[in-house]
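The values are calculated or read from the model by the stated rules, or taken from the named source; none is laboratory data. All values reported here derive from a predicted model rather than from experimental measurement. As a convention, Cβ positions derive from the backbone with ideal geometry for all residues, glycine included, and neighbour counts pool all protein chains shown. Accessible surface is based on the protein model in full, side chains and every heavy atom, while ligands, DNA and RNA are left aside. Shrake-Rupley method; radii C 1.70, N 1.55, O 1.52, S 1.80 Å.
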Amino acid sequence: MKIAFVGKGGSGKTTLSSLFIRHLATTGAPVVAVDADINQHLGAALGLDDAEAAALPAMGENLPLIKDYLRGTNVRIASAETMIKTTPPGEGSRLLRVREDNPVYDACARPVELDGGTVRLMVTGPFTEADLGVACYHSKTGAVELCLNHLVDGPDEYVVVDMTAGSDSFASGMFTRFDITFLVAEPTRKGVSVYRQYKEYARDFGVTLKVVGNKVQGPDDLDFLRTEVGEDLLVTVGHSDWVRAMEKGRPPRFGLLEEPNRHALRLLRSAADATYASRDRERYTRQMAHFHLKNARSWGDERTGADLSAQIDPGFVLGEDVTVSA
């Protein structure tokens, strides 16, 4: 299952995504965790110290390797240089699978041990002073989008992405790459404003959106969220001494997380698992083509000097039964 955590800056989305990743790890589920936020905090939230987090390889810096590997023998792609962030897979493309070993994971993923389980952690890499004036942050997240376009996952396999804050993910089609999106919202007007933006943008793309109310302190907060969010409100989370200790770098063992918060994490997993039966692989593939054509026409063709619409394989549908190119 592909799962996104979104929300405004400071909403707690990174904390909640890290708790969800820990919850999955304790059950032995295979997990690929991706930090796609401009502020790279997921590694620290998963227990890495500053030096370990800084040493994580950046996906953006490995983009040539990623493109070359995913291109495979796809004759519709003239060269790796003509691949852009929205390039979809086709016959001959190499795909990524959650449980496998491959050169992309070797270069970009690092194992993180969590309470008896191990997850693969990948990061876009931070936006540095060297990027100012020559790159935008979306050039960093392009590596994530390209990998998601080529990633095949089945039931009880999880790809959890901590997304950019606010509505930045709508700069591309990455918001459509998920089975479910958890929007973390505080019980404030600003907290629900991102929800309204997401709801509006995602309306025409069949995006499954559920709200996780965070920092909820009492009945008034709960009533506010119910009024503003309605049936999209899945669960609320309040104060956590465990989280406070984690933020200080001294997390207890995960089994000591408060039961109401453990229950909330179980609800998140149940909601994610329930979307599997309604997967529409043809729509998912059509959406890849839609955003690829949009990017090709607006900037991709001019930048690469190629007709990128020719990269779309009309007979290809991304699914678990697709054979991976050698």
(request) For every other residue with a beta carbon closer than 12 angstrom to the beta carbon of Thr188, add +1 if it is Lys or Arg and -1 if Asp or Glu, then tell me the sum. (result) 0
(request) Take the alpha-carbon positions of region 1-150, form their convex hull, and give its projected area averaged over all directions (one quarter of the hull surface) in nm². (result) 9.4 nm²
(request) For region 3-20, just list the computed ³J(HN,Hα) in residue order, Karplus coefficients 6.51, -1.76 and 1.60, θ = phi - 60°, integers in Hz, with x standing in for Gly and Pro. (result) 10, 10, 10, 10, x, 6, x, x, 6, x, 5, 5, 4, 5, 5, 5, 5, 5
(request) Round to the nearest 10 and give me the degree value, 0 to 90, for the angle of helix 259-274's Cα axis relative to the longest principal axis of the chain. (result) 30 degrees
(request) Among DSSP beta bridges lying fully in region 181-297, give the percent that are antiparallel, nearest 5. (result) 0 percent
(request) Quick one: pull the percent of accessible area on the chain belonging to carbon and sulfur, 1.4 Å probe, ligands and nucleic acids left out. (result) 49 percent
(request) Scan around Leu114 for amide H atoms under 5 Å from its own, H built in the peptide plane at 1.01 Å from N, and keep only partners 5 or more places away or cross-chain. (result) Val119
(request) Can you tell me how much longer the chain between His239 and Asp220 gets when fully stretched, taken as 0.36 nm per residue apart minus their C-alpha distance, in nm with one decimal? (result) 5.3 nm
(request) Whole number in Å², please: accessible area per residue of the chain, 1.4 Å probe, ligands, DNA and RNA not counted. (result) 45 Å²
(message) Please list the three semi-axes, largest first and in whole Å, of the ellipsoid equivalent to region 50-113, using sqrt of 5 times the eigenvalues of its alpha carbon gyration tensor.
(response) 26, 14, 8
(request) Search the structure for amide H atoms under 5 Å from the amide H of Lys215, placed 1.01 Å from N in the peptide plane, and list their residues when 5 or more places away or on another chain. (result) Val237
(message) How compact is region 174-326 by the rule of thumb for globular proteins, expressed as Cα Rg over 2.2 N^0.38 Å?
(response) 1.36
(message) Around Asp68, under 13 Å between beta carbons, what's the net of Lys plus Arg minus Asp minus Glu among the other residues?
(response) +2
(request) Work out from phi, with θ = phi - 60° and the Karplus expression 6.51 cos²θ - 1.76 cosθ + 1.60, the ³J(HN,Hα) of each residue of region 309-322, listed in order in whole Hz, and give x for Gly and Pro. (result) 5, 5, 6, 7, 9, x, x, 9, 10, 6, x, 5, 8, 6
(message) Rounded, prolate or oblate, given the Cα gyration tensor of the chain, with a/c below 1.5 counting as rounded?
(response) prolate
(message) What does DSSP give for the chain in terms of the percent of beta bridges that are antiparallel, rounded to the nearest 5?
(response) 20 percent
(request) Treat region 273-326 as a sphere of radius equal to its Kirkwood radius over Cα pairs and apply Stokes-Einstein at 20 °C in a medium of 1.002 mPa s; give the translational diffusion coefficient in µm²/s, rounded to a whole number. (result) 165 µm²/s
(message) Suppose each label sits 7 Å from its Cα in the direction of the beta carbon; what would the Arg203-Arg266 distance come out to in nanometres?
(response) 3.7 nm
(message) What are the ³J(HN,Hα) couplings of region 101-115, residue after residue, when phi is run through the Karplus curve with 6.51, -1.76, 1.60 and θ = phi - 60°? Round to Hz, x for glycine and proline.
(response) 9, 7, x, 5, 5, 4, 7, 10, 10, 10, x, 10, 7, 9, 6
(request) Along Cα→Cβ, 7 Å out, is where each label goes; now give me the distance between the ones at Ala277 and His290 in nm to one decimal. (result) 2.5 nm
(request) Sort all Cα-Cα distances of region 142-225 into consecutive 5 angstrom bins from zero, then give the percent of pairs in each bin up to the one containing the longest distance. (result) 3, 12, 23, 22, 17, 13, 7, 3, 1
